[in-house]
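J.: Mind looking over this structure? Questions follow.
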Amino acid sequence: MSRIDEARDVFAHIEQAWSKGEKTALLTITQVQGSAYRLPGSKMMMTEKGNMFGTLSGGCLESDLYGWAEKAIEEGEPRLVNYDLSENEIWSLGIGCKGTMEVAIFPIHSDDPFWRSVREAVAQDRAISLAIELPTGVRVVFDETNPIAGDIDMLPEAVARQLISRVENRTRAEIAIVDNRRFYIDTMRPNEHLIICGAGHDAVPVAELAAKCGFRVTVLDPRKEFNGAKRFPMANHLVVEPDQVDPAQLEGNWWLIMNHLQMRDEAALRLALQAKPKFIGILGPLSRTREMFQNIGADMNSAPIHAPVGLDVGAETIEEVAVSIVSELLAVRSARPGQPLHGREKIHV
């Protein structure tokens, strides 16, 4: 689940609690050093009555966190809580994570314009960034480039400019030191849109797995008997030939070319190249891909081409091939090398 999906679910449960008259708090991991169960930006909610949704530690710390959340709700002030997960003799947890984790707890009120702006943005699937000074709680929410809500007047212009430069193109939550002030920055963007060109039997597990990994999926294939909700219930459907699609409507997306019909693959490739793609994965031998580029008069270096698409995991079945393909999608999305973790002292850093 992506962070914007998680935030949407968490705020939905907060609003449910409000409908019952319960006071609530939002909890988020602001910093991790070493190994921890979840990463910065992970969120959950708690109510004054002990109801909660989500998890930050897999259940190990939530009971203790509730005590702090109860105090934050009662006092109406945010709190920072730090955990050293290596001190198992203190926590008596016996957990495998050996790092440190900082959690911020924010009491959330329905009439707070800052959190209302955040709730509206995630509900509408709009990209936003939060910048919250720790521990003071000074906070600003940005759209792509401008502050839109919060304590805007409390930030010097130079600090605001530096924060904007930090949130641009950001994909992960982090702590940033700006003008000797410590800010938690959390950027949430709409899920990446994956367009699968081809509705063959091997596209089904790719679409299923990609959707589970947080991609919005559209299947492009003119065959009505294959490209529909019965076969791809997790996807949107473009039941047309690629040359009938306006590339301007699909700009900035991720593409998989897997029609198994070279003429249609070439048309899909031409469309993808015109749509300012972030990723084009092409199924099949590299020699076939080179031939397709030659046939359509395009340069393989003109776009982010991944051919053959997928990581080398020895895949043979269509399910294994789907794992290979989606693994590469995840690696590229996270700017990771897609290598084994064996021997690594730290992961997810």
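J.: Going highest first, how would you order 26-33, 256-263 by mean Cβ packing within 10 Å?
T.: Values: 26-33: 22.2, 256-263: 19.4.
Ranking the peptides 26-33, 256-263 by packing returns 26-33, 256-263.
J.: Then there's this: In cubic angstrom, how much convex hull volume per residue do the alpha carbon atoms of the stretch 143-299 span?
T.: Details: hull volume 24.3 nm³, N = 157.
So the per-residue Cα hull volume is 155 Å³.
J.: OK, next. To make sure I understand the rule: partners must be aspartates and glutamates, Cα under 14 Å from the Cα of residue 20, and not fewer than 8 residues away in the same chain. Which ones qualify?
T.: Answer for residue 20, where 14 Å is the Cα cut-off: 48, listed by chain and number.
J.: I'd like to know which of 255, 227, 245 lies farthest towards the positive end of the charge dipole of the stretch 212-259, counting +1 on Cβ of Lys and Arg and -1 on Cβ of Asp and Glu.
T.: So the residue furthest toward the plus end is 227.
J.: Antiparallel DSSP bridges in the chain: what percent, to the nearest 5? Mind dumping the intermediate values first?
T.: On the way: 40 of 58 bridges.
Here the share of antiparallel DSSP bridges comes out near 70 percent.
J.: Further, regarding this structure: Please sort by residue number the GluC sites (Glu not before Pro) in the stretch 300-334 whose DSSP state is loop and whose Cβ has at most 15 other Cβ atoms within 10 Å. Each step should come with its number before you reach the end.
T.: Working: sites: 316, 319, 320, 328; in loops: 316.
In loop regions of the stretch 300-334 (DSSP not H, G, I, E or B), the sparsely surrounded GluC sites (Glu not before Pro) are 316.
J.: If you wrap the stretch 203-271's Cα atoms in a convex hull and average its projection over all directions, what's the area in nm²?
T.: Averaged projected hull area, Cα only: 4.5 nm².
J.: How big is the C-alpha Rg of the stretch 1-110 next to the rule-of-thumb value 2.2 N^0.38 Å, as a ratio? All intermediate terms of the calculation are to be shown ahead of the outcome.
T.: On the way: Rg = 13.6 Å, N = 110, 2.2 N^0.38 = 13.1 Å.
That works out to 1.04 for the stretch 1-110.
J.: Beyond a 20 Å Cα-Cα separation, which of these cross-linked pairs lie in this structure: 224/278; 43/278; 23/49; 230/278?
T.: Details: 224/278 28 Å; 43/278 28 Å; 23/49 8 Å; 230/278 29 Å.
Too far apart for the 20 Å limit: 224/278; 43/278; 230/278.
J.: Roughly speaking, what is the centre-to-centre gap between the stretch 222-285 and the stretch 19-56 when only Cα atoms are used, to the nearest Å?
T.: Their Cα centres are 39 Å away from one another.
J.: If one computes the Cα centroid of the stretch 70-86 and of the stretch 112-142, what distance in Å separates the two points?
T.: 19 Å
J.: Using only the alpha-carbon atoms of the stretch 246-349 as identical scatterers, what base-10 log of I(q)/I(0) does the Debye formula give at q = 0.13 Å⁻¹?
T.: Relative scattering, expressed as log10 I(q)/I(0), comes to -0.51.
J.: Read phi for every residue in the stretch 183-189 and hand back ³J(HN,Hα) as whole Hz from Karplus 6.51 cos²θ - 1.76 cosθ + 1.60, θ = phi - 60°, with x for Gly and Pro.
T.: Per residue, the Karplus-derived 3J(HN,Hα) values read 10, 8, 10, 10, 9, 10, 10 Hz.
J.: Another one. Over the stretch 1-110, calculate the relative contact order: mean separation of alpha carbon pairs under 8 Å at least 6 apart, over the residue count, as a percent. Could the numbers behind the result be given before it?
T.: Details: 204 pairs, mean separation 35.1, N = 110.
Worked out over the stretch 1-110, it gives 32 percent.
J.: Which of the trypsin sites (Lys or Arg not before Pro) found in the stretch 93-165 are in a DSSP loop and have at most 15 neighbouring Cβ atoms, other than their own, within 10 Å? Before the final figure, lay out the partial values.
T.: Numbers: sites: 98, 116, 119, 126, 139, 161; in loops: 98, 126.
For trypsin sites (Lys or Arg not before Pro) across the stretch 93-165 that sit outside H, G, I, E and B with at most 15 neighbouring Cβ atoms in 10 Å, the list reads 98, 126.
J.: Quote the charge dipole size of the chain about the Cα centre in Debye, to the nearest 20; the model charges only the Cβ of Lys and Arg (+1) and of Asp and Glu (-1).
T.: The calculated dipole for the chain is roughly 420 debye.
J.: Please report, for the Cα atoms of the stretch 123-190, the Rg to one decimal and the Dmax as a whole number; what are they, in angstrom?
T.: 10.9, 34
J.: Each residue of the stretch 259-264 in turn: what ³J(HN,Hα) in whole Hz from Karplus with 6.51, -1.76, 1.60 and θ = phi - 60°, glycine and Pro shown as x?
T.: Taking θ as phi minus 60°, the curve returns 7, 6, 10, 4, 4, 6 Hz for the stretch 259-264.
J.: Add -39500 (n - 2.57) for each DSSP H run of 4 or more in the chain, then divide by its residues: what number comes out at 222 nm, to the nearest 500 deg cm²/dmol? Walk me through the numbers before you get to the answer.
T.: On the way: 9 runs with 107 residues, N = 349.
Calculated at 222 nm, the ellipticity per residue is -9500 deg cm²/dmol.
J.: Something else: May I ask you to list the GluC sites (Glu not before Pro) in the stretch 146-205 that are in a DSSP loop and have at most 14 other Cβ atoms within 10 Å of their Cβ? Kindly include the intermediate steps, with their values, before the conclusion.
T.: Numbers: sites: 157, 168, 174, 192; in loops: 168, 192.
Those that pass, being in a loop and sparsely packed, are 168.
J.: If you don't mind, there's one more thing I want to ask. If you take the Cα atoms of the chain, find Rg, then find the Kirkwood Rh from the mean of 1/r over all pairs, what is Rg/Rh? Before the final figure, lay out each step's value.
T.: On the way: Rg = 22.9 Å, Rh = 22.4 Å.
Rg/Rh for the chain comes to 1.02.
J.: Next up: Work out from phi, with θ = phi - 60° and the Karplus expression 6.51 cos²θ - 1.76 cosθ + 1.60, the ³J(HN,Hα) of each residue of the stretch 309-315, listed in order in whole Hz, and give x for Gly and Pro.
T.: Residue by residue, the stretch 309-315 yields 6, x, 8, 7, 10, x, 5 Hz.
Every number in this text was worked out from the coordinates using simple rules, so none of it is lab data. Here the structure is a predicted model, which is why all the values come from computation and not from measurement. So basically every Cβ, Gly included, is an ideal-geometry build from the backbone, and we count neighbours across all protein chains shown.
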